[in-house]
1. Can you pull the semi-axes for the stretch 44-103, root of five times each eigenvalue of the Cα gyration tensor, sorted largest first, whole Å?
2. Would you mind calculating the relative contact order of the stretch 2-176 from Cα pairs under 8 angstrom and at least 6 residues apart, reporting the percent as a whole number?
3. Note the direction-averaged projected area, equal to a quarter of the hull surface, for the Cα convex hull of the stretch 2-176, in nm².
4. Using the per-residue mean of other Cβ atoms lying within 10 Å as a proxy for protection, in what order, highest first, do the peptides 7-20, 63-76 fall?
5. With a point put 7 Å past each Cα toward its Cβ, work out how far residue 159 is from residue 172 in nm, to one decimal.
6. Would you mind ranking 60, 81, 90 by Cβ crowding within 10 Å, fewest neighbours first?
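Each reported figure results from applying straightforward, stated rules to the coordinates on display, with no laboratory input. Owing to the predicted nature of the structure, the values given are computational and were not obtained by experimental measurement. Note that we place each Cβ from the backbone using ideal geometry, even for glycine, and neighbour counts take in every protein chain shown.
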């Protein structure tokens, strides 16, 4: 039985549903902290952590309210990789899969506890080997005190917390690099015509990301500028220039940077300040 596996040492993580599982009824039905704590299985989360078994959460719920409830029950700091959402597209099997992947665990090392048979069945079908259990079938507390191995300092939980922090950092790095990864620099050729007004505005308005601190006035012309890109010798007087057009998953940022070299010397190297935080300068 799945519940027995919890005591046999195979389970490294218990993934809890909330409403009707970790606490009775729903958050909407809990008028006070006493109602929330009455009959709650939250104390088992701490007990399991002290036996080297970590806990996660997978629940259709309002994330802010659910997190607040877990904090009031004193177990929020014992939860890793929580998946809580009211989004209509939220899928418990998909969320559990993501949790196990982030934690580096196989389905056979996890127990999903949910009061709804359909959710347990869906998760088990999607993740072969995943153990599932109704809250009413969990082993008694006396048996849980003998499961796993003694870990009074919750050292295993702390290792998963470090892993969770790393996963968040990786996700943040991917998010921050999104625009930079998509940034495209297009070098001009002799037949390209550039909007001078935009270039002048870019050089005159950019401060923080203007690395040469040079400004360019209207001597470039009234409406357009032709920049030949055929110059290959630094001694040649004609300029070599590149424009940076930026786009990311949110849309097009347009012309957002300029690099210009004349006689082998860097004349302009700048990005629009509105790109700060998008890490385009690191692309």
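1. Values for the stretch 44-103, descending: 20, 16, 7 Å.
2. 31 percent
3. Average projection, Cα convex hull of the stretch 2-176: 9.9 nm².
4. 7-20, 63-76
5. 2.4 nm
6. By the 10 Å Cβ count, ascending, the order reads 90, 60, 81.
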